[in-house]
Every structure is written in structure tokens, then in C-alpha cells.
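The values are calculated or read from the model by the stated rules, or taken from the named source; none is laboratory data. Since the structure is predicted, the reported quantities are computational estimates derived from the model, not experimental observations. Because the Cβ atoms are built from the backbone with ideal geometry, glycine has one as well, and the counts that use them run over all protein chains shown.
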Amino acid sequence: MSEEGQRQYVKFTFYKVDSPWLLLPKEQKERDKEEFQAAVAEFANDMMVRTYNLQGMRGDTDFLIWTAGFKLEAVQEMASRLRSTGLGRYLSSPYSYLAMTRRSMYLGSHRHEGQEGARNRIVALGAKYLFVYPFVKTRAWYLLSKEERQRIMNVHFQVGHKYPSVKINTTYSYGLDDQEFVLAFETDSPSDFLDLVMELRDTESSSYTLRDTPIFTCINSDLKDIVDSLAY
């Protein structure tokens, strides 16, 4: 099967730098930063790699590396490679989510132009902000008929149409990880995303949400800027 028809493995890995690294000599930290950037770059030719800064957004994570590619082994190889670097030895990963791409069964002929991800691959917009969270539905949702679920999702889609500045990337984790989905919303307007989430709370679909936390507010940043901001 060509890459065009394959689904991608999607990984959201959140990193936190351990305090002892901050106390290392400046020269050592500079070498570690350069080594870490080079290690990430090794994988950028074969998969999508996007980096985001979370410093100041949450107290339990500093940055996100979002990847999407066609080989599950590459996810493991990249994780191992990054851990082998000087900086990597001082990184913990408090949150890590694995998922895959697929087209939603509820879309049908529905089109949400500019807001839907591609069928089998992640095509990041490069928007300034990314909002990420794992998502689990209640068991009661799956007991509804397909027609009833479609009716409920149609209303859900109608709300989404009101916020064209927000693009959703829905990825699927059934059988791969603890959550059922990982949702990643790209936008240049955090206020639009906030209003979207608030309005969705009023829809029937919200009553079938079991869990949609933790939520991560991420700022699109070059990896060099991120590692430089960790310690000067």
C-alpha cells in the first residue's frame, strides 16, 4: 500500500526538564541543546515533527514534540535516540499519547472545509496555538444506534462550523493506548477555541463524554527557541 493510503501513527510526547540539568555549566548545557536538536532533526525527513512550548502554561510539562509517520518502530527509535542525548538524560515524560489516523465514520459526505484533517495523515497548519487532550466516551454512547449517534454528531458539527478559525485533528487510540481519541486543535485564536468548547458543552454529545482531561495549551515554537528558553 502506498503512503497515501496508509494510516499514520501519531505521537504526542510531553517533556519536563529535571532541575539538576539547569545547574550544569553553561557550556555543557549548550552542547546538550545542540545534540538534542540534531537528534530530533534526524527523524524530520521521514515523519512530521512539530514542536511546541508549554512553559508557563502548565507546571508539569515544558514542551511537546508532536510526530506523525508510517512506522510504529520509528516512534520507539526516536524516543530512544532522544533519551541517549545529554539533555535527554534529564528529561521526564509526564504525559505521552499514542494514536492513529482514520476518517471519522460520522463525516460521510459532510465537509468542514479547512477544519478537517486529511483522511489518513496529519497535515499541520502551523497555527500559533495547539490545544491537545485525550478523550474517552461513555459506554452508553456505543449502545446508541448508528443513526442516533449520527444525529447527535450532526449538531456537534454544526457548532464547529461556527468557528472556522479552529482546525481539528482527531486521532484514534482504540486498543493502542488508554484513551479512545487524542484531539488536537490548531488555531491562531485561543478565544475562538474557548468559545467553541463552551458552546459544545451545551450540546447533547457532551453528555456522553467520560473524560477529556488533561488539556494542554501549546505555543508553536522552533525547537531551538524552546531549548534555549529552558536555560540560558
Inset, instruction - Please specify each residue of the stretch 159-204 satisfying the condition of being under 16 Å from Trp141 (Cα atoms), polar (S, T, N, Q) and surrounded by fewer than 20 Cβ atoms within 10 Å (Cβ to Cβ). - result: Thr203
Inset, instruction - Might you let me know whether the stretch 21-43 holds any residue that is touching a residue at least 60 places away in the same chain (Cβ under 8 Å), surrounded by fewer than 16 Cβ atoms within 10 Å (Cβ to Cβ), over 16 Å from Ile122 (Cβ atoms) and not basic (Lys, Arg)? - result: yes
Inset, instruction - State which residue pairs qualify: first residue free of Cβ contacts under 8 Å to residues at least 12 places away in the same chain and of a type outside the set (Ser, Thr, Tyr) and inside the stretch 63-84, second residue surrounded by fewer than 16 Cβ atoms within 10 Å (Cβ to Cβ) and not in a strand (DSSP E or B) in any location, beta carbons under 8 Å apart, and separation of 6 or more residues or different chains. - result: Arg83/Arg89
Inset, instruction - Spot the failing condition for Met57; the list is (1) surrounded by fewer than 19 Cβ atoms within 10 Å (Cβ to Cβ); (2) out of contact with any strand residue (DSSP E or B) (no Cβ under 6 Å at 6 or more places or on another chain), and only one is missed. - result: (2)
Inset, instruction - Considering each of Ala118, Ala124 in turn, give the residue that is out of contact with any Ser or Thr (no Cβ under 6 Å at 6 or more places or on another chain), closer than 19 Å to Asn53 by Cβ, at pLDDT below 95 and part of a loop (DSSP other than H, G, I, E, B). - result: Ala124
Legend entry - All positions within the stretch 148-158 that are crowded, with 17+ Cβ neighbours inside 10 Å and either in contact with a Pro (Cβ under 9 Å, 6 or more places away or on another chain) or β-branched (Val, Ile, Thr) (or both): Ile152
